[in-house]
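To start, the structure under review is shown below, and the notes come after it.
The values are calculated or read from the model by the stated rules, or taken from the named source; none is laboratory data. All values reported here derive from a predicted model rather than from experimental measurement. No Cβ is skipped: glycine too gets one built from the backbone with ideal geometry, and neighbour counts run over all protein chains shown.
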Amino acid sequence: MGKRWVYCAVIVGMALPVAWGANERIKLETANLRVEYAVTKANVLELKAVGLRDGSWTSPLGGRLFPFEPAAEPAGNNNGPRYAGPIEWRLPNGDRAIEMVYQSHAVKEERPGVRHLVIQLRDKVYPLEVELHLRAYAEVDVFEQWQVVKNGLGQPIRLPRLDAMYWHADAKTPIFLEWYASDQKDTAGYPIREQLGRGTRLLESRDGNRHKHGPVPAVVLGFGQQPHETEGPCMIAALDWTGSSRFGFEINSTQILETGIGVNQPGQPVVEAGQSAASPVCVFTLSGKGKGPASRRLHDWARNHFLANGKRLRLVDNNSWEGCGLKVSEDAIIQMMKDSAELGIELYVLDDGWFGNGKEARVNTRSGLGDWQFNSQRFPHELDAVMKAADQLGIEFGIWFEPEMINENSQLFKQHPEWVMRHPNRAFSKQRTQMALDVANPAVQKFMFDAVDRVLTKYPRIRFVKWDANSNINNGYSPYLAPERQGDLLNAYMDGYLKVMRALTEKHPNVDFQACAAGGGRADLGALRYSHTFWPSDDTDPLYWLGAQWNFSNFLPANTITSHVTHKGKGFEPKFRVDVSMMAQLGMEVDTRKCTPDYLDACRVGIATYKQVRDIVQLGDQYRHAHPFDSATPSMNYVSKDQTRGLVLAYQTGSVAKTAEFSAPVSGLDPERMYRCTEVNLPEGDKRPRVAAGCKPSQSGKAWMEDGIPLQFTRQFDSAAVLLEAVR
């Protein structure tokens with residue numbers, strides 16, 4: 001198949017191609033959804049229907065998948081609108097036209113419940129082929145789609161754009177868009193909702209190796225109305241890609257929506273003669289009844305089919321960064337490990353500041369990146385003493401790396417200045433006083449792997465790696481790639497990054513890797529292909545995190561979202577902080593030596609509580625209720641897969657003049673079972689109940705779902721955690 005810059009699954013034992021007559025249909029179905037194609041008399045491929053399998057709802061998606069000429073009007077004068085299509089190529093003779101005709105298709109059952117459709121197309125004039133791939137996961141109602149271009153010419157071609165997903169849709173009925181930004185200050189905590197109108201709406205990330213200052217590469221589309229949790233037909237689509245992305249939506253003069261989802265290429269990648277290139281994968285699902293069912297489908301798909309160790313419980317951790325910054329040492333870490341173990345924390349993570357020596361020691365952010373040797377003054381025994389203490393305490397250990405980056409003040413820069421991306425004859429453009437390494441270079445890839453592998457191999461007890469990326473690709477020129485191949489830079493960088501991550505996770509399967517990029521710049525499926533969790537934001541104010549975690553949960557399951565209890569933000573008591581972090585993978589980010597006894601006591605109770613319910617949160621079904629952007633009393637609940645236990649989390653974010661009474665909704669219980677209600681996470685200094693005195697101690701799942709749980713809040717930034725357990 002040739003080299004593929006981005007991930008594309010290889011089909012083993014593909015069924016023989018099958019042709020069908022004009023206007024016949026081909027369907028790929030899951031338990032509840034269907035995607036249907038047809039071939040016209042002119043051998044043009046069309047998307048005919050996407051919707052519910054029982055026919056009760058069909059989305060407005062459809063139309064030609066590779067449009068060439070303008071659509072013919074009824075009079076036949078071919079004066080309709082022109083479409084961008086899903087592919088752009090540049091041939092050696094300058095031709096850009098694309099006129100794909102259907103050749104054949106094949107469907108293969110890769111494993112029980114997973115079917116893979118490949119449709120083969122060929123350009124009418126040139127020996128250029130396109131494969132359209134669609135994979136269906138039956139039990140979770142999720143699809144994956146991507147494209148492959150094969151160059152049968154005797155010369156290279158350029159490929160500026162190769163979308164993973166492309167469709168037309170009838171926009172006479174309104175179409176609504178919901179998306180989320182990545183910036184840590186404010187925007188990731190708020191949903192951006194809009195009705196698509198005439199013209200183009202373009203969501204682009206241009207950061208290169210992440211999406212820190214762009215949109216999260218996932219969207220929600222509502223058909224006919226802005227989708228809510230339980231009402232409004234919708235689609236959720238997420239791109240398996242962690243760099244610059246492009247989501248384009250254009251409604252033309254005939255009220256047809258054209259949508260393309262793919263990589264936002266800064267150049268024109270080259271496909272050699274006889275070689276192929278693949279788009280990333282776009283993962284999508286649909287729901288006739290709001291975002292909630294669609295999200296739960298994506299959560300199950302991720303845990304069951306996508307994530308490495310997707311059902312392995314994530315540990316409660318404490319990270320040194322927000323409490324200590326760069327001021328770390330062997331003695332300090334051992335003391336904080338002791339304090340953390342006493343709180344019930346299971347994993348201590350040593351963040352930045354442990355490496356570099358001499359003038360390049362990592363004592364500030366201007367030096368040391370790239371010199372992954374332990375600082376001999378701060379860690380004179382490397383990790384020997386730390387690991388001995390961890391053994392004695394029975395606590396796991398983790399460590400921070402930023403292998404893609406370099407400081408100019410480092411031994412690595414002096415030894416290998418050619419490993420740094422840099423525009424010829426121009427000064428460096430730095431971000432946070434650092435630059436990105438040329439990850440397209442195999443020598444750099446080997447260096448990255450060796451740096452991390454050396455520490456993990458010497459200390460096999462390490463359970464966790466926080467992998468950071470604090471800079472964009474700001475000097476977008478690869479010294480390794482030839483001048484005429486600079487258009488391949490983004491693809492080659494991502495290919496190198498994923499190769500390193502794949503090799504590390506395969507060699508160290510018991511290590512959990514966290515994707516961080518100055519916060520939420522890698523909150524996406526692309527990074528999670530070889531990571532286990534991601535860091536949502538460096539702004540750990542709990543009110544902000546409440547919204548950010550909520551938004552990310554639309555397409556990512558709770559066990560991928562790390563949520564730390566910190567001291568950031570004013571007016572929040574420890575219980576509120578813990579209840580917010582219980583929404584996901586709870587942890588802490590504090591210097592335990594500086595915490596008050598009351599704070600530590602509340603965290604100790606919260607950690608013990610979370611351990612009792614984390615399997616419900618991380619592996620169960622999530623039901624979101626009023627969004628914190630829309631309501632002063634947002635809440636959600638989780639239900640175990642066997643429906644024997646549930647956890648309700650509710651928050652009071654608005655001001656309270658007097659006692660505020662609120663009934664927290666409950667969903668997902670077995671209506672026939674009886675459930676006992678118990679309020680949990682009540683620290684010693686804050687034992688007043690939030691559950692109203694008149695609440696029944698137990699009743700049927702049907703009654704809880706009809707009545708909710710009556711709560712009372714006496715102040716702003718109050719919260720409640722309520723456990724529901726089946727008694728019969």
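Looking only at the range 452-485, count every residue that is more than 30 Å from residue 379 (Cβ to Cβ) and either outside the structural domain of residue 428 (by TED's automatic domain parsing) or acidic (Asp, Glu) (or both) and tell me the total.
Total satisfying the criteria: 1.
I'd like the residue in the range 620-632 that is touching a Phe, Trp or Tyr at 6+ places or on another chain (Cβ under 9 Å) and touching a residue at least 40 places away in the same chain (Cβ under 8 Å) and, out of all such residues, is surrounded by the most Cβ atoms within 10 Å (Cβ to Cβ).
628
Look at the range 290-332 and say how many of its residues are more than 30 Å from residue 593 (Cβ to Cβ) and not acidic (Asp, Glu).
The number of residues fulfilling the criteria is 22.
Residue 639: within 18 Å of residue 558 (Cβ to Cβ), in the same structural domain as residue 705 (by TED's automatic domain parsing) and without any contact (Cβ under 8 Å) to a residue 40 or more places away in the chain, yes or no?
For residue 639, the condition - within 18 Å of residue 558 (Cβ to Cβ), in the same structural domain as residue 705 (by TED's automatic domain parsing) and without any contact (Cβ under 8 Å) to a residue 40 or more places away in the chain - is met.
Condition check: free of Cβ contacts under 8 Å to residues at least 60 places away in the same chain and buried (at least 19 other Cβ atoms within 10 Å of the Cβ). Does residue 669 satisfy that?
For residue 669, the condition - free of Cβ contacts under 8 Å to residues at least 60 places away in the same chain and buried (at least 19 other Cβ atoms within 10 Å of the Cβ) - is met.
In the range 32-54, which residues are touching a residue at least 24 places away in the same chain (Cβ under 8 Å), of a type in the set (A, V, I, L, M, F, W, C) and under 11 Å from residue 65 (Cα atoms)?
Those that are touching a residue at least 24 places away in the same chain (Cβ under 8 Å), of a type in the set (A, V, I, L, M, F, W, C) and under 11 Å from residue 65 (Cα atoms): 39, 44, 45, 47.
How many residues are of a type in the set (D, E, K, R) and farther than 25 Å from residue 631 by Cα when one looks only at the range 675-701?
4
Which pairs do you get when a residue that is assigned by TED's automatic domain parsing to the domain that holds residue 235, found in the range 293-310, comes within reach of a residue that is among the hydrophobic types (A, V, I, L, M, F, W, C), reach meaning Cβ atoms under 6 angstrom, with the pair 6+ apart or on two chains?
Note: pairs meeting the criteria are 294/236; 297/140; 297/142; 298/555; 300/140; 301/140; 301/142.
Considering 102, 166, 180, 190, which residue is surrounded by fewer than 20 Cβ atoms within 10 Å (Cβ to Cβ) and aromatic (Phe, Trp, Tyr)?
190
Could you run through the range 101-125 and say how many residues are touching a helix residue (DSSP H, G or I) at 6+ places or on another chain (Cβ under 8 Å) and either at pLDDT below 95 or in a loop (DSSP other than H, G, I, E, B) (or both)?
Qualifying residue count, the range 101-125: 0.
Residues to consider are 433, 457; find the one that is among the hydroxyl-bearing types (Ser, Thr, Tyr) and in contact with a Ser or Thr (Cβ under 7 Å, 6 or more places away or on another chain).
Checking each option against the conditions leaves just 433.
Looking at the range 259-284, which of the residues that are closer than 30 Å to residue 169 by Cβ and among the polar types (S, T, N, Q) is surrounded by the fewest Cβ atoms within 10 Å (Cβ to Cβ)?
Out of the qualifying residues, it is 268.
Can we say residue 523 is in contact (Cβ under 8 Å) with a residue 60 or more places away in the chain, among the hydrophobic types (A, V, I, L, M, F, W, C), in a loop (DSSP other than H, G, I, E, B) and closer than 20 Å to residue 263 by Cα?
Yes.
Does any residue of the range 275-282 turn out to be part of a loop (DSSP other than H, G, I, E, B) and over 20 Å from the mean Cα position of the chain (by Cα)?
yes
Just to check your reading of the model, which residue among 488, 524 is outside the structural domain of residue 421 (by TED's automatic domain parsing), in contact with a Leu (Cβ under 9 Å, 6 or more places away or on another chain) and crowded, with 21+ Cβ neighbours inside 10 Å?
Criteria check complete, one pass: 524.
Among the residues of the range 562-590, what is the count of those that are surrounded by fewer than 24 Cβ atoms within 10 Å (Cβ to Cβ) and β-branched (Val, Ile, Thr)?
Residues in the range 562-590 being surrounded by fewer than 24 Cβ atoms within 10 Å (Cβ to Cβ) and β-branched (Val, Ile, Thr): 1 in total.
If residue 422 satisfies every condition in (1) of a type outside the set (A, V, I, L, M, F, W, C); (2) free of Cβ contacts under 8 Å to residues at least 60 places away in the same chain; (3) buried (at least 23 other Cβ atoms within 10 Å of the Cβ) but one, which is the exception?
Failed condition: (3).
Out of the residues in the range 244-258 that are under 28 Å from the mean Cα position of the chain (by Cα) and of a type in the set (S, T, N, Q), which is surrounded by the most Cβ atoms within 10 Å (Cβ to Cβ)?
Only one residue tops the list, namely 245.
Filter the range 221-243 for residues that are within 28 Å of residue 470 (Cα to Cα) and touching a Pro at 6+ places or on another chain (Cβ under 6 Å); which is surrounded by the fewest Cβ atoms within 10 Å (Cβ to Cβ)?
In this case the residue turns out to be 240.
With the condition kept exactly as written, say whether any residue in the range 244-264 is in a helix (DSSP H, G or I) and among the aromatic types (Phe, Trp, Tyr).
No, the range 244-264 contains no residue that is in a helix (DSSP H, G or I) and among the aromatic types (Phe, Trp, Tyr).
Given the criteria under 19 Å from the mean Cα position of the chain (by Cα), over 27 Å from residue 164 (Cα atoms) and of a type in the set (Val, Ile, Thr), does residue 540 qualify?
Yes.
Scan the range 126-138 residue by residue and report those that are under 24 Å from the mean Cα position of the chain (by Cα), surrounded by fewer than 21 Cβ atoms within 10 Å (Cβ to Cβ) and part of a strand (DSSP E or B).
133, 134
Condition check ((1) charged (D, E, K, R); (2) touching a residue at least 12 places away in the same chain (Cβ under 8 Å); (3) closer than 26 Å to residue 67 by Cα; (4) assigned by TED's automatic domain parsing to the domain that holds residue 634) across all residues:
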| residue | (1), (2), (3), (4) |
| --- | --- |
| 166 | no, yes, yes, no |
| 169 | no, yes, yes, no |
| 176 | no, yes, yes, no |
| 182 | no, yes, no, no |
| 188 | no, yes, no, no |
| 201 | yes, yes, yes, no |
| 209 | no, yes, no, no |
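Restricted to the range 368-382, and to residues that are crowded, with 17+ Cβ neighbours inside 10 Å and over 32 Å from the mean Cα position of the chain (by Cα), which residue is nearest to residue 471 (Cα to Cα)?
Taking the candidates together, the pick is 375.
For the range 306-317, does any single residue satisfy the condition of being closer than 17 Å to residue 146 by Cα and surrounded by fewer than 23 Cβ atoms within 10 Å (Cβ to Cβ)?
Taking every residue of the range 306-317 in turn, at least one turns out to be closer than 17 Å to residue 146 by Cα and surrounded by fewer than 23 Cβ atoms within 10 Å (Cβ to Cβ).
Are any residues in the range 319-336 without any contact (Cβ under 8 Å) to a residue 60 or more places away in the chain and crowded, with 21+ Cβ neighbours inside 10 Å, and if so, which ones?
Result: 328, 330, 333.
Can you find a residue that is within 18 Å of residue 207 (Cβ to Cβ) and aliphatic (A, V, I, L, M) anywhere in the range 504-516?
Yes, that holds for at least one residue.
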